[in-house]
Amino acid sequence: MPQDPAPPPAKKFKPGSPLFRLNRKPGMLPPSKENTSVPVELQRKHLPIYQAREQLINQLRQLHSAVLIGETGSGKTTQIPQYLFEAGIGRQGLVAITQPRRVAAISLATRVSEEKRCQLGKLVGYTVRFEDVTSAETKLKFMTDGMLLREAIGDPLLQRYTVVILDEAHERTVHTDVLFGVVKAAQKKRREQNKFSLKVIIMSATMDVDLFSQYFNNAPVLYLEGRQHPIKIFYTKQPQTDYLQAALISLFQIHQEAPSSHDILVFLTGQEEIEAMARTCRDIAKHLPDSCGQMVVIPLYASLPHTQQLRVFHTAPKGCRKVILSTNIAETSITISGIKFVIDTGMVKAKRYNPDSGLEVLAVQRVSKAQAWQRTGRAGREDSGVCYRLYTEDQFDQFNNMTVPEIQRCNLASVMLQLLALRIPNVLTFDFMSKPSPEAVRAAIEQLDLLGAVERMDDQVTLTPMGKKMASFPLEPRFAKTILLSSQFHCTEEVLTIVSLLSVDSVLYNPPSRRDDVLSVRRKFISNEGDHMTLLNIYWAFRNVKGNKDWCRENFVNSRNMALVSEVRSQLRETCMKLGMAMESSRTDTANIRRCLAHGLFMNAAELQPDGSYYTLHTHQLVSIHPSSVLFQGKPAYVVFNELLHTSKCYMRDLCLVDPDWLHDAAPQYFRRKLRLLKS
Ligand code: CDP
Ligand code: MG
């Protein structure tokens, strides 16, 4: 297999009148639904990787490090850990398989435990933030990259593990990137100290193998022959100004021409966009002639309640086409059978960070070539497929080859705190595969300094006792700090609840078709002090009814995520107890809670201007209140917020009303400097 999957011959098409022609007769290809009656043992033997099993085992037995590349669906993630286990490789310890996303870690562990016919949590388990489904018997452990990094803080040599598989390496999440350095160092130290060796396997379907091989001391690259089914790729003739419109046109053209058993997967960027598109599709579908057949439109994004996410896996009724509108969650994390057509808008919502402005925003941007190939690959999992790219071939040529590593586009405060907790002697010279910019590193250390987490002496940066405590929470530094401060404000119980609520996917469910109902039932929880307080009210109400499912349904509360909040909360509470914190409740005195939030989130504060606009105090950036906030209609003078989202404007999300004096008390020097800056 070539290093870069070679693009199949492309045809041009133009959204608008004759969009494209399907060059086969409808019904020529058999319906491509997965045959679930085939026993898993047989399914395993039919995977492309099975042909290479013996050879792979022999090679992996000998190698210390290997880079393994093979098409999506060839069986890397589910089979390699089992092959190692079956061949007795690394049985003295555990095999860790990291995933960038928790949903992937959970679903893969579930699948592999089914294949091994064992109960999940026994031989095969998983660990994601706030959820550990492993036991003393566990040998194959699927986990998020963030969790392995946490474990490294306790033991930088990762001595429980004999093999670490860093999967989906091309995604270059900040945690995976740091792990590259951590496992490389652990490998070296274990060799030096004559401890048993650590095998490192880097895996992906699309990656710059040379870069990875070089970094891991010229590790051999193992290529897997994939049995990828041929996929036809079409580009647009002209660049599209409106990718949503182009997606709609393509979607309905396919719907009118292709057999109904051929499902369609459309890649979009986020929840609002997906829900709006779903509505439009259903509307249009209603008005099509009967000859067109039915379509069922299913949205897919991370914050969707789990039971609804599962709908994408259900087979559509006979004669009905399944159309899935998804974020990049379906790009690598989730595999859906039956997809024959992929429509790739070429856009994704991703984090971007500017160390000068200190601003980390979520923004809609172009995907990389690697991502585009992943998306395309989704059309050829079980049969030949077609991918419509809603951009021109010239535009595609301009895409970045690889996704810019997250470490080069995110706020590094969290990572720096973890590196310092790992006792890395000098974070500025850490062996990163791709170095973050010195400005970003400096900005992160500056932030940690403002939070009281680090001390600087000459060039040496070390953790303060406060910093050490902060690192013991699996949270962003500012939230860890907020919790640690809460005892001072006698509101630890409430702050724990708020931070837990913010640590899971949304606990609120907002079906757009029932907007008015949502608004009317939510009214009773709304606090004019902001979103944190509103969430707290909802949590209290949830506790009062003991998590009653009907209550959740009536109040559009995601009961699964709410249950997770309680779980998260008790874990965070345990950490607080270990640190000897007093567990007090401020009860109805919400001012104390807000004061505490102001002290933890002071770097995310904004001020109302005479003209009604808002500017952040940190970098004097124009921002607006997000329409989803309960403060959207109001004009509070000062607020702190959780995050910024950049769409048509720069929006603050999750706001809390604060007093300017509190901000000043939180960081007097910082605000003196800011105020001077703002006046000049
Ligand atoms: O890692 P890679 O993309 O090479 O493939 P994999 O994740 O090991 O999946 C191999 C095959 O296992 C897929 O094509 C699916 O047929 C099946 N699978 C599944 O049915 N359910 C999962 N959660 C994961 C994999
Ligand atoms: Mg995989």
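Rule-based calculations on the coordinates, nothing more; no lab input. This one's a predicted model, so the numbers in the text were calculated from it and none came from an experiment. Backbone-built Cβ (ideal geometry, glycine too); neighbour counts: all protein chains shown.
Numerical summary
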{"read-out": "Cβ-Cβ FRET estimate between ASN218 and LYS286, R0 fixed at 60 Å, reported to 0.05", "value": "0.50"}
{"read-out": "Computed helical MRE - 222 nm, the chain, DSSP H runs ≥ 4 contributing -39500 (n - 2.57), nearest 500", "value": "-11500 deg cm²/dmol"}
{"read-out": "Förster radius 30 Å - calculated FRET efficiency between SER613 and ALA302 (Cβ-Cβ, nearest 0.05)", "value": "0.45"}
{"read-out": "Label-reachable residues, the stretch 131-159, where backbone N falls under 19 Å from a point 7 Å from ALA563's Cα toward its Cβ", "value": "131-134"}
{"read-out": "Cβ crowding within 10 Å averaged over residues, with 538-551, 133-146 ranked highest first", "value": "133-146, 538-551"}
{"read-out": "Per-pair calculated FRET efficiency, R0 = 35 Å: THR315 and SER472 via Cβ, rounded to 0.05", "value": "0.15"}
{"read-out": "Full-stretch length increase - GLN398, GLN245 - with 0.36 nm per residue and alpha-carbon distance subtracted", "value": "52.8 nm"}
{"read-out": "Qualifying trypsin sites (Lys or Arg not before Pro) for the stretch 571-604 [loop in DSSP, other Cβ within 10 Å: at most 14]", "value": "ARG587"}
{"read-out": "Kirkwood Rh in Å, taken over the stretch 181-296 so that all alpha-carbon pairs contribute", "value": "19.5"}
{"read-out": "Computed over the stretch 582-654, Kirkwood Rh from alpha-carbon pairs, angstrom", "value": "13.2"}
{"read-out": "Kirkwood Rh and Cα Rg combined as Rg/Rh, the chain", "value": "0.96"}
{"read-out": "Inter-probe distance in nm under a simple model that places probes 7 Å from Cα toward Cβ, at PHE632 and ASN548", "value": "2.9"}
{"read-out": "Equivalent ellipsoid semi-axes, the stretch 311-417, via Cα gyration tensor eigenvalues times 5, rooted, Å", "value": "31, 17, 11"}
{"read-out": "Amide proton proximity set for ILE298, modelled H, under 5 Å, gap of 5+", "value": "VAL323, ILE324, LEU325"}
{"read-out": "Extension reserve of the LYS351-GLN43 stretch, reckoned as 0.36 nm per residue once the Cα distance is removed", "value": "107.1 nm"}
{"read-out": "Point-charge dipole on Cβ atoms (K/R +1, D/E -1) for the chain, about Cα centre, debye to 20", "value": "1140"}
{"read-out": "3J(HN,Hα) from dihedral phi, the stretch 478-485, Karplus parametrisation 6.51/-1.76/1.60, rounded to Hz, x for glycine, proline", "value": "5, 6, 4, 5, 4, 5, 5, 6"}
{"read-out": "Listed pairs LYS481/LYS649; LYS184/LYS469; LYS349/LYS369; LYS76/LYS340; LYS116/LYS141; LYS76/LYS199 exceeding 20 Å between Cα atoms", "value": "LYS481/LYS649; LYS184/LYS469; LYS76/LYS340"}
